[in-house]
Each structure stands twice: as structure tokens, then as C-alpha cells.
Amino acid sequence: MSVNVPSSKELIKAFMDRYKTAEARYRRRGVEAMRNLEAVRIKKSSDYVARKLREAATSMPFLNDLHAFHKELLLLNISEAEYRRATSKVFNASRAVKSIRREALMMIKGAAGKGDIIKARRRFMARMIDLLNDLSKELDELRMLGPHIRYMPSINVGLPTIVVAGMPNTGKSSFVACVSTAKPEIADYPFTTKKIIVGHVKLFGDFSVQVLDTPGLLDRPLSERNKIELQTILALRHLAHVIIMIIDPTPHSGNSLEEQLRLLEEIRGAFKSPIMVVLNKVDIAADEEVRRAEAALGGAPYKVAAAKCLGTNDVIQDAIDKYVMPKLSQGTTV
Ligand SMILES: Nc1nc2c(ncn2[C@@H]2O[C@H](COP(=O)(O)OP(=O)(O)O)[C@@H](O)[C@H]2O)c(=O)[nH]1
Ligand SMILES: [Mg+2]
């Protein structure tokens, strides 16, 4: 998807450019030649502006056509009411241009002399420029959404999806890099991953499962989450067939075990998808740290060292066998 919205300044400049030489030429022409020339200019310039405005409005996605995930992702940046208002104002302006044009052509046709023609043209230009100036806020709002729409994660909402989540620095990106085609950035500081990254695991033939690497979640209520974290929440809510929750039992990530367990509980309560809990960094974790985490989790979580891809494939295989395949054989993908 790509958005094609000019600023009102750009539009005004392109519109005015079509008039630069007009008056100079008038001096050498008679009234009829001037009348014709002016009519052509009004038609050409108004067609141009109307087309640009229509393209701007129609290059914006229709909210009703978007999957809930993509729709809510877009609406992290603008309210739904404002989005609808701005797109329809721009679209309606493309119609208003046509009525300005009609009126101007009538005035030109009925003009008695050069003076009237110039008056009609000035009125036309003033109305066009007023209209474009009046759209400046809406065009800017829609332009600002351009990169958010262009760089939306290319998620296939029809494919089975495994969402990898956890607190910052726990090893989510390392895990996704091991098991899928995605090559996310891995670094020793939190919030390296600011956007959802999509990887694939081949199932059979051309059919694959999506694995999403997500920005880290902090242990805090939904109402305090920032836009980066909310992307993860949307993926968990709308896309996850199964959630892989990465827990770092070592102090390395900077998150305590308690914080991570609270986050796990919050996710358990908030989403309906099954959750697989994975203890990461067992290569450097002390035995005591692993035991404490296991005891707190009340079960035998998966143990992996994602930095070395140890144990990671077993987790993905189990996710596919337990949660993806049964859905496929039921004939449903979500
Ligand atoms: N020792 C060790 N370090 C790991 C492991 N997994 C990740 N790391 C390190 O932890 C840091 C954060 O990893 P990253 O995958 O970017 O975590 P994310 O923020 O959850 O995506 C990086 O320095 C990784 O190299 C692991 O299994 N063992
Ligand atoms: Mg990451």
C-alpha cells in the first residue's frame, strides 16, 4: 500500500505554475483568443487539482477493508473519526473544484471584455487557493500516515501465526532468527525491535506458518502502554494462534523474574490464545535461577539458549504440532 498525498503548499504551487505566463500573453491577443486561452487554463489547472485530491483520498486505505489488526495499527496514529473526516473532506474538495471550475467557465463565457475575463480568472484562482489552504491540516494528517501505511508489517492474515512475546532483552529476536526466515536485529539493549517483524517457517509445499517477532512489553497496565508496545498487543489480540512467551531467568535482561511472571499473568488473562512458556539463556543461567523460575511457573517450561539456537526448533515444532496442525485439519486458519 502506498499513500499519495501532496501538501497544500505543493498543490498551490503546481496550480499557480499553470498561470505564470498567462497575463504576459494577453497583451498581444484579442478578446476571443484570451477568452479561449483562459478557458483552457481553467480546465487544465482545475482538472489537475481535482485529480490530485481524488488520488490523495483514494490512496488512503478504506478502514472497512482492513483486517482488524491492520486497522487498529493504523489507528494508533490517528483517531477513527479524524481519519474518516480528513479523507472525506479531501475527497469532497475534489468535487468542489468542479463546481468552482463550472462557475469560472460561465463567467469567462459571459465576459464583456478583457477586464471581465481577468476578474473571472482572479476570482477562480482565489477560490481555488482558499480551498487548498483550507485543506492544509487534513492533507498533512494524511501525509503523516504515509510511512505508517507503507511500512506496515506485511502480515498475511490468512496464515497461521505464532507470536513471540516477552519483556525487552529476553531474547525474542534471537529466538525468531533461529526458527524462521526473519533476520531481526539483535542487540544488548532494550527496544531494539520497534516494529513487528515477520518470519516464516515452511510447513509443506508453499504453505508456511508466520512467526512474529514483537517489540518488548513492560510490566504495566494497558492504559500506560506506548505505541511501540501496543503493536505487540494488537498482534497478540488479532493474530496469535499461539503465543510463545520468552522468559529470561537470569538478571541479564534487566527484568526481574517477578515482573516477567506478572506480564505472563496479564497476557494469560487478556488473550484467548494458548501460551507456551520458554525459559531462555539457559547457557548462562545458574541452576538456582532455572529452578526458581520452574517452581514459580509450576510446570516444566521449555528451556532454550536462543543465542546458540539450542532447543529452539523443538519449541516451534511443538507449537506447530499442537496448535497449528489441529486447526488446519479442522479447516480453519484462525
Ligand atoms: N547468553 C545468552 N544470551 C542471549 C540468549 N538469547 C539472547 N541473548 C542475548 O540477549 C540480548 C537480547 O537479545 P534479543 O534477541 O535482541 O532480545 P529481545 O530484545 O527480546 O529481542 C542480546 O545481547 C542477545 O545476544 C541466550 O540464549 N543466551
Ligand atoms: Mg527484539
Dividing the mean separation of Cα pairs under 8 Å (6+ apart) by the residue count of the range 161-329 yields a relative contact order in percent of 25 percent
Nearest-0.05 FRET efficiency for PHE204 and ARG225, computed from C-beta distance (R0 35 Å): 0.40
Step through the residues of the range 7-12 one at a time and calculate ³J(HN,Hα) from phi using the Karplus curve (6.51 cos²θ - 1.76 cosθ + 1.60, θ = phi - 60°), rounding each to whole Hz and writing x for Gly and Pro. 7, 5, 4, 4, 5, 5
With +1 assigned to the C-beta of every Lys and Arg and -1 to the C-beta of every Asp and Glu, and no other charges, what is the dipole magnitude of the chain about the Cα centre in debye, to the nearest 20? 3520 debye
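If you take the square roots of the eigenvalues of the alpha-carbon gyration tensor of the range 250-334 and sort them as a ≥ b ≥ c, do you get rounded (a/c under 1.5), prolate (a/b over b/c) or oblate?
Oblate.
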Across VAL242, VAL201, VAL176, the residue with the highest GNM fluctuation in the chain (Cα network, 10 Å cutoff) is VAL201
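Hand me the chymotrypsin sites (Phe, Trp or Tyr not before Pro) from the range 84-178 located in a DSSP loop with no more than 11 other Cβ atoms within 10 Å, in residue order please.
TYR151
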For the chain, build the charge dipole from Cβ charges (+1 Lys, Arg; -1 Asp, Glu) around the Cα centre, then report which of SER59, ILE244, ILE117 sits farthest towards its positive end. ILE117
Those GluC sites (Glu not before Pro) in the range 177-251 that DSSP places in a loop and that have at most 11 other beta carbons within 10 Å: GLU185
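If contacts are Cα pairs under 8 angstrom and at least 6 residues apart, what is the relative contact order of the range 20-179 in percent?
Numbers: 87 pairs, mean separation 45.4, N = 160.
After rounding, I find 28 percent.
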Taking the range 176-245, which chymotrypsin sites (Phe, Trp or Tyr not before Pro) meet the DSSP loop condition and have no more than 14 other C-beta atoms within 10 Å? PHE191
Let a ≥ b ≥ c be the square roots of the eigenvalues of the Cα gyration tensor of the range 161-329; is it rounded (a/c under 1.5), or, if not, prolate (a/b larger than b/c) or oblate? rounded
Based solely on C-alpha atoms, express the radius of gyration and the Dmax of the chain in angstrom. 29.0, 97
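Can you flag which of LYS202/LYS272; LYS194/LYS272; LYS71/LYS281; LYS44/LYS114; LYS43/LYS137; LYS44/LYS227 are past 32 Å Cα-Cα?
Working: LYS202/LYS272 25 Å; LYS194/LYS272 25 Å; LYS71/LYS281 36 Å; LYS44/LYS114 20 Å; LYS43/LYS137 26 Å; LYS44/LYS227 43 Å.
Distance filter (> 32 Å) returns LYS71/LYS281; LYS44/LYS227.
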The answer for the chain, accessible area per residue at 1.4 Å probe in Å², is 48 Å²
Distance in nm between label sites at ASP314 and ASN4, each 7 Å beyond Cα in the beta-carbon direction? 5.4 nm
Given Cβ point charges of +1 (Lys, Arg) and -1 (Asp, Glu) and nothing else, what value in debye, to the nearest 20, does the dipole of the range 85-235 about its Cα centre take? 1320 debye
Mean separation of Cα contacts under 8 Å (6+ apart) over length of the chain, as relative contact order %: 16 percent
Rounded to the nearest whole Å³, what is the per residue volume of the convex hull around the Cα atoms of the range 71-115? 79 Å³
Efficiency by 1/(1 + (r/R0)^6): what FRET value for ALA270 and GLU103, r their Cβ-Cβ distance, R0 = 56 Å, to the nearest 0.05? 0.50
In a GNM of the chain with a 10 Å cut-off on Cα contacts, which of ASN226, ASN255, ASN36 has the highest mean-square fluctuation? ASN36
Out of residues 5 or more away from TYR302 or on other chains, whose amide H comes under 5 Å of its own, with H placed 1.01 Å from N in the peptide plane? VAL277, LEU279
Simple spin-label estimate for LEU37 and PHE62 in nanometres, 7 Å along Cα-Cβ: 4.5 nm
About the Cα centre, and with charges only on the beta carbon of Lys, Arg (+1) and Asp, Glu (-1), how big is the dipole of the range 161-329? Nearest 20 debye, please. 560 debye
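The values are calculated or read from the model by the stated rules, or taken from the named source; none is laboratory data. Bear in mind that the values here come from a model prediction, so they are computed numbers and not experimental data. Please note: Cβ atoms are built from the backbone with ideal geometry, for glycine as well, and neighbour counts cover all protein chains shown. We work out accessible area using only protein heavy atoms, side chains counted, and drop any ligands, DNA or RNA first. Shrake-Rupley method; radii C 1.70, N 1.55, O 1.52, S 1.80 Å.
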